[in-house]
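Novice: I am attaching a structure below and will ask some questions about it afterwards.
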Amino acid sequence: GEEVAQTPKHLVRGEGQKAKLYCAPIKGHSYVFWYQQVLKNEFKFLISFQNENVFDETGMPKERFSAKCLPNSPCSLEIQATKLEDSAVYFCASSPARGNEQFFGPGTRLTVL
Amino acid sequence: EDQVTQSPEALRLQEGESSSLNCSYTVSGLRGLFWYRQDPGKGPEFLFTLYSAGEEKEKERLKATLTKKESFLHITAPKPEDSATYLCAVQARMDSSYKLIFGSGTRLLVRP
């Protein structure tokens, strides 16, 4: 597609439950990035992929977060045992090349109660 | 540490009143500087990329410029539909993740 698609738009989980977010990058874009946006527009980088390979995961809290980009499937970001501080908007972005501009999806708002 | 600071935090303009938004950055070698617009409840919308000092890009009422330490987003004769949060982000040359480092944005309100 011509735009990055993210589902669901909103997700509500009780503390300790699992959450799974999906992202379909723009067709032809090889790079996918996940960011977490919290208060005051603070964007935190989580992980990036080049096609189905993890490119960089230095921002990921690995004990509870995992992500995948498999061929012919939307990319996914999964949070096991959610915590209150995971409440945020999660954005996926795609790019045709590493140093190029990144195009963002509409985001998934995760609320952990 | 790589850092981006945007000012002012918020800006109110009358329709037609031109102004500039500032983005100061400290980065271990700049690979690129990016401007985005974000409307409430939506994802950032790409506006411009600047790669080297002296570079300028223009789109409708917006013009972005870049120096070695900062970037400006000039808004000429703004309209109410220009109201949004404007985000500046940098990519550091030494950062192998190619992640964007964002500033906290400038909330622009243009009154009719």
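Novice: Would you be able to say whether some residue in segment A:21-36 is among the β-branched types (V, I, T) and without any contact (Cβ under 8 Å) to a residue 60 or more places away in the chain?
Specialist: no
Novice: Still on this structure: Would you pick out the residues in segment B:67-98 that are within 11 Å of chain A (Cβ to nearest Cβ) and part of a loop (DSSP other than H, G, I, E, B)?
Specialist: B:R93, B:D95, B:S96, B:S97, B:Y98, listed by residue number.
Condition check ((1) more than 14 Å from chain B (Cβ to nearest Cβ); (2) in contact (Cβ under 8 Å) with a residue 24 or more places away in the chain; (3) under 11 Å from the mean Cα position of the chain (by Cα); (4) under 15 Å from A:Q17 (Cβ atoms)) across all residues:
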site: A:K62; (1), (2), (3), (4): yes, no, no, no
site: A:D86; (1), (2), (3), (4): yes, yes, no, yes
site: A:F91; (1), (2), (3), (4): no, yes, yes, no
site: A:L113; (1), (2), (3), (4): yes, yes, no, yes
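Novice: Same structure, new question: Which residues, counting only those in segment A:95-111, are more than 9 Å from every other protein chain (Cβ to nearest Cβ) and surrounded by 17 or more Cβ atoms within 10 Å (Cβ to Cβ)?
Specialist: The answer is A:T108, A:L110.
Novice: Being modelled with pLDDT of 95 or more and more than 13 Å from every other protein chain (Cβ to nearest Cβ) is the filter here; which residues of segment A:30-52 pass it?
Specialist: none
Novice: Another question, if that's okay. Would you please name the residue that is most open to solvent (accessible area, probe 1.4 Å), looking only at residues in segment B:56-66 that are within 14 Å of chain A (Cβ to nearest Cβ) and over 10 Å from the mean Cα position of the chain (by Cα)?
Specialist: Going through the qualifying residues, I end up with B:K59.
Novice: Inspect all residues belonging to segment B:9-19 and state whether any of them is open to solvent by less than 20 Å² (accessible area, probe 1.4 Å) and either in a strand (DSSP E or B) or touching a residue at least 60 places away in the same chain (Cβ under 8 Å) (or both).
Specialist: There is at least one residue in segment B:9-19 that is open to solvent by less than 20 Å² (accessible area, probe 1.4 Å) and either in a strand (DSSP E or B) or touching a residue at least 60 places away in the same chain (Cβ under 8 Å) (or both).
The values are calculated or read from the model by the stated rules, or taken from the named source; none is laboratory data. Since the model is a prediction, treat every value here as computed from it, not as a measurement. Quick reminder, even Gly has a Cβ in these numbers, built from the backbone with ideal geometry, and neighbours come from all protein chains shown. Ligands, DNA and RNA are stripped out before the accessible areas are found, and what is left, the full protein with its side chains, is counted by its heavy atoms. Shrake-Rupley method; radii C 1.70, N 1.55, O 1.52, S 1.80 Å.
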